[in-house]
Amino acid sequence: MHDDNFSDLTIEWESPSTWVPAIGNWVGDRLKSGGLERLTRKPRKQLYVDDAEWVDRVGRASVPGLEDLLDELSDDLAAARAVVFHGSRVDDPGRFSREGLKVNDPAALDDHVRELIRSEPELAAVYPDADALLASFPKRERDAGLLHVVLDSRSLTGGGAGHYLIYGSEWVQVILGWVAHPVLRKRGYPTLVRAVLNLDRSSDGERRDLARHLLLEWARLTATRDVWVQDIDFTFTLAEALPSGAVLGHTHPATIEDPFHGVRRRTKSRRCPACDP
Ligand SMILES: [Zn+2]
């Protein structure tokens, strides 16, 4: 039995100093004799940054087998927290610190679509009857009651998921289609919300995936002595809101990659009325 306790641990993936020492101590307690020396050696062959061999090396150097190690780490991580990000484009970024991060609510999204069509002549010209448009939407319940947050903010500004910051709610994007892109792009502020997630609120499967990412990256950093952390595309899908007390703040990133149009877009205004002074 180990009495490790991650209750003081808050993982900020992009800041390895927040989690690498804790994972190192945890793994260290489970290594075979000489295990650390083996893991600090560079592998003979060049490995990709996300090569599964990095995790396999940890499994071979530890007393428990890799699967047991992952089970145990994912259980222990339930005591820890992670800093997570949510990307959206909204007229009022201050609402996140007032109201928290809400789950997807089709009724509220209906109202938002009606308001967009009412206030944007370009949209009203294409969709004269908002109610008919909403009634014809076959994916109305997609994501209902769910909230998506990610571990690595870079996946929302680069990579393939910049559309949340540039265009806002995916639900609204899907119903209004590409014709709405110019309108959605000029309204409001691209907003990256930073919040803290108690990991016991994530699913066992997500925590196990997280355990694998942490072990892999710890092993890679230990062997290569790199100081940069690889970009990962890691989403927590929560079936509940995050309250306002969990919201740490927000920013408006300078540039965001637009996966629909293959360009990097510069944010016009990086300050909103709700930005910290
Ligand atoms: Zn702001």
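The values are calculated or read from the model by the stated rules, or taken from the named source; none is laboratory data. Predicted model only: the values in this text are computed from it and were never measured. A quick note on method: Cβ atoms are made from the backbone with ideal geometry, for glycine too, and the neighbour counts reach across all protein chains shown.
Residue-wise test of (1) assigned by TED's automatic domain parsing to the domain that holds Arg207; (2) crowded, with 16+ Cβ neighbours inside 10 Å.
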| residue | (1), (2) |
| --- | --- |
| Lys32 | yes, no |
| Arg41 | yes, no |
| Arg57 | yes, yes |
| Ala61 | yes, yes |
| Gly65 | yes, no |
| Leu70 | yes, yes |
| Leu77 | yes, yes |
| Leu109 | no, yes |
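Please verify whether Thr251 is within 11 Å of the ligand (Cβ to nearest atom), within 17 Å of Val83 (Cα to Cα), of a type in the set (S, T, N, Q) and within 21 Å of the chain's Cα centre (by Cα), treating the condition exactly as stated. For Thr251, the condition - within 11 Å of the ligand (Cβ to nearest atom), within 17 Å of Val83 (Cα to Cα), of a type in the set (S, T, N, Q) and within 21 Å of the chain's Cα centre (by Cα) - is met.
When Leu133, Leu165, Leu184 are checked against the criterion of being assigned to a helix (DSSP H, G or I) and within 16 Å of the ligand (Cβ to nearest atom), a single residue qualifies: Leu165. How about the range 10-49: which of its residues are within 19 Å of Val84 (Cβ to Cβ) and polar (S, T, N, Q)? If the condition is that a residue be within 19 Å of Val84 (Cβ to Cβ) and polar (S, T, N, Q), then Thr10, Ser15, Ser17, Thr18 are the ones that fit. State all residues of the range 140-158 that are surrounded by 15 or more Cβ atoms within 10 Å (Cβ to Cβ) and part of a loop (DSSP other than H, G, I, E, B); if no residue qualifies, say none. Hits for the range 140-158 are Arg140, Asp143, Leu151, Asp152, Ser153, Gly158.
Annotation for the range 236-245: at least one member residue is touching a residue at least 12 places away in the same chain (Cβ under 8 Å) and in a helix (DSSP H, G or I). A count restricted to the range 254-265 and to residues that are in a strand (DSSP E or B) and over 14 Å from Gly87 (Cβ atoms) stands at 2.
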